[in-house]
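Please read the structure below before turning to the comments.
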Amino acid sequence: MRRPSYLLAAVLIVAASCTSAANESSDTSAADITTTTSRAQRTTSAPTTTQAPAPTTQNDAGQTGLAGLDVGDPGGDESGLTGDRSLGSIGDPTFPGLGNAGYDVSGYDIGLDLAGAEMSAEARIELTALIDLTELHLDLVGMDVDEVRVDDEPVLFDRDGRELRLRLADQVSAGETAEVVVAYHGQPEPLDTGEGLPFNLGFQTRPWGTFVASEPIGAATWFPANDHPQDKATFDVEVTVQSGQVAIGPGQLVSTVVNADGTETYSWEAQDPMTTYLASVATGDFELTTETIEGIAGNDIVIRHAVHRDALLATGDSLATTAEMMAAFEEQFGPYPFESYGILVVPESLGFALENQTLSLFGTDIIGSEAAQPILAHELAHHWFGNLVSPAAWDDIWLNEGFATWAEWWWTERIAGRDMSRIAATIPMEPLTGLTPDTLFDINVYWRGGLTLEALRRTVGDETFAEILSAWTERYGGGVASTENFLDLVTELAGQEATNVVSQWIFAPDMPALPEEQ
Ligand SMILES: [Zn+2]
């Protein structure tokens, strides 16, 4: 994801650096974060810093709740899932109650009828029990549930907040599979997440059509889900719309059927595992263009963009760089990990872009601006970092945003010769963990995250750095990984000294100085 305040910060910082004032910040409104960082004790010396107090980001002024948290190490195992685990919670400390325990979903088959005034839907969920189940939970926000069947038998259910609780007629034993079918209807309502994000999350309805922006917790606004990155699954999505509208989904379009009642049904299939927050659909007057390019491994990559007709002018030729960008990133990060890629451009100003899997979401504000190319690079890079390797817990979000920001800088330097890391390094920023829902997408997660990787590259050299990145996607691709996993990989491939550098960048209260280029 990329946000507007981040863009604003970029402009301000460029302006500040142009007037040589970047290091003279007198802004002390951000509280010093003095919490100890137990993981930082991995380091062999105290972090060095000569930086000024951290600048305020978009929402840290007056929000000093971080001070009460253990910033460095939430304890527990490598997964970072240290919260209470129960049938109704996967144990993510940032979002207690998100996701569910006891089973693993292998596939969602979601049918949405959007031809009428409200959504009418059926979700078929294939899952494997991890423990003996006599009940199980799904996450679902709003919507009226009409019926739930498990292996074709109706079951009792009730609702409690975002929990849809099913009482199974027959036990599903550990290791057994089951098919849960949920029929539901209503008008999806996006979630108001308070001050953390400037937009509501989930399924969005507009006069011109619909789209989805779920990261991090909005997927359950449009389908019953095990709504956490830990549980990836394939997605088949069938969307019925009035003729004249087009329905766009993840993966590839496998069929379009014209129905007798003046509607059309579009079927999309995404065969590669996907986390719930990256699943998306859109409906409206979209122009769909498709081409096939050859990937670095000799495979076909289907490139399909969907641009709303009212956004064609703003989009211009921004998407013409996709194949070139894809080739460059494959060279740097390894083969593109999914069957298809493309951009969805909606006809409104969004204030952010989002890396929905195989279908990155843009609005007319960014796609029509000078920021389009760096942010297109950012969202494409997320397909390796965030989508292929997803965060084990939401507190590991720097593994998404720091990596995508580093890739964005790499692309910007390549095409424009600008070294963004040099600018970012002049801004002291807070550590990368111990985040709250309100600070999950703060600027430090992006820039100090990107600088963490740049510091590693400068410490170990280009060759070892590339080895670490490719080992990262090979080892954890298709699943999730934690900050601890990354530190262990750095130690394995580059040694303890490199890990010490990275640890300080992640955990130290004061931001270290960027090492000199070797
Ligand atoms: Zn991002």
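Tabulated values for the structure
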{"read-out": "Matching residues, segment 191-208, being among the hydroxyl-bearing types (S, T, Y) and within 18 Å of I443 (Cβ to Cβ)", "value": "T193"}
{"read-out": "Residue selected from segment 283-307 under the condition in contact with a helix residue (DSSP H, G or I) (Cβ under 9 Å, 6 or more places away or on another chain) and open to solvent by less than 50 Å² (accessible area, probe 1.4 Å), by the criterion nearest to V345 (Cα to Cα)", "value": "V307"}
{"read-out": "Residues of segment 395-406 that turn out to be within 10 Å of the ligand (Cβ to nearest atom) and part of a helix (DSSP H, G or I), as a count", "value": "6"}
{"read-out": "Complete set of residues in segment 348-367 that are open to solvent by less than 10 Å² (accessible area, probe 1.4 Å) and not aromatic (F, W, Y)", "value": "A353, L354, E355, N356, Q357, T358, L359, S360, L361, G363, I366, I367"}
{"read-out": "Residue among D158, D170 that alone is without any contact (Cβ under 8 Å) to a residue 24 or more places away in the chain, farther than 30 Å from A282 by Cα, assigned to a strand (DSSP E or B) and not hydrophobic (A, V, I, L, M, F, W, C)", "value": "D170"}
{"read-out": "Subset tally (residues that are in a strand (DSSP E or B) and open to solvent by 20 Å² or more (accessible area, probe 1.4 Å)) for segment 138-155", "value": "7"}
{"read-out": "Selected residue (only one of E339, E324, E348, E330 is away from the ligand (no atom under 16 Å from the Cβ) and under 24 Å from V237 (Cα atoms))", "value": "E339"}
{"read-out": "Test result for R165, open to solvent by less than 80 Å² (accessible area, probe 1.4 Å) and assigned to a strand (DSSP E or B)", "value": "yes"}
{"read-out": "Identity of the residue in segment 101-123, in a loop (DSSP other than H, G, I, E, B) and under 10 Å from V239 (Cβ atoms), that ends up least open to solvent (accessible area, probe 1.4 Å)", "value": "A115"}
{"read-out": "In segment 370-394, residue farthest from F203 (Cα to Cα) [restricted to those that are part of a helix (DSSP H, G or I) and away from the ligand (no atom under 14 Å from the Cβ)]", "value": "Q373"}
{"read-out": "Helices (runs of 4 or more DSSP H) lying entirely in segment 415-480 (those with 1 or more residues that are in contact with an Asp or Glu (Cβ under 8 Å, 6 or more places away or on another chain) and surrounded by 18 or more Cβ atoms within 10 Å (Cβ to Cβ))", "value": "420-424, 443-460"}
{"read-out": "Counted residues, segment 487-499 - those being out of contact with any Phe, Trp or Tyr (no Cβ under 7 Å at 6 or more places or on another chain) and buried (at least 19 other Cβ atoms within 10 Å of the Cβ)", "value": "5"}
{"read-out": "Residue match in segment 254-266 (condition: crowded, with 22+ Cβ neighbours inside 10 Å and either modelled with pLDDT of 95 or more or closer than 30 Å to G99 by Cβ (or both))", "value": "yes"}
{"read-out": "Qualifying position, being touching an Asp or Glu at 6+ places or on another chain (Cβ under 8 Å), more than 25 Å from G478 (Cβ to Cβ) and among the β-branched types (V, I, T), among V105, V141, V148, V155", "value": "V141"}
{"read-out": "Selection count where residues are free of Cβ contacts under 8 Å to residues at least 40 places away in the same chain, part of a helix (DSSP H, G or I) and closer than 18 Å to D272 by Cβ, scope segment 313-369", "value": "1"}
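The values are calculated or read from the model by the stated rules, or taken from the named source; none is laboratory data. Keep in mind that this is a model prediction, so the values were computed, not measured. As a convention, Cβ positions derive from the backbone with ideal geometry for all residues, glycine included, and neighbour counts pool all protein chains shown. To get the accessible areas, we keep the full protein, side chains included, count just its heavy atoms, and leave off ligands, DNA and RNA. Shrake-Rupley method; radii C 1.70, N 1.55, O 1.52, S 1.80 Å.
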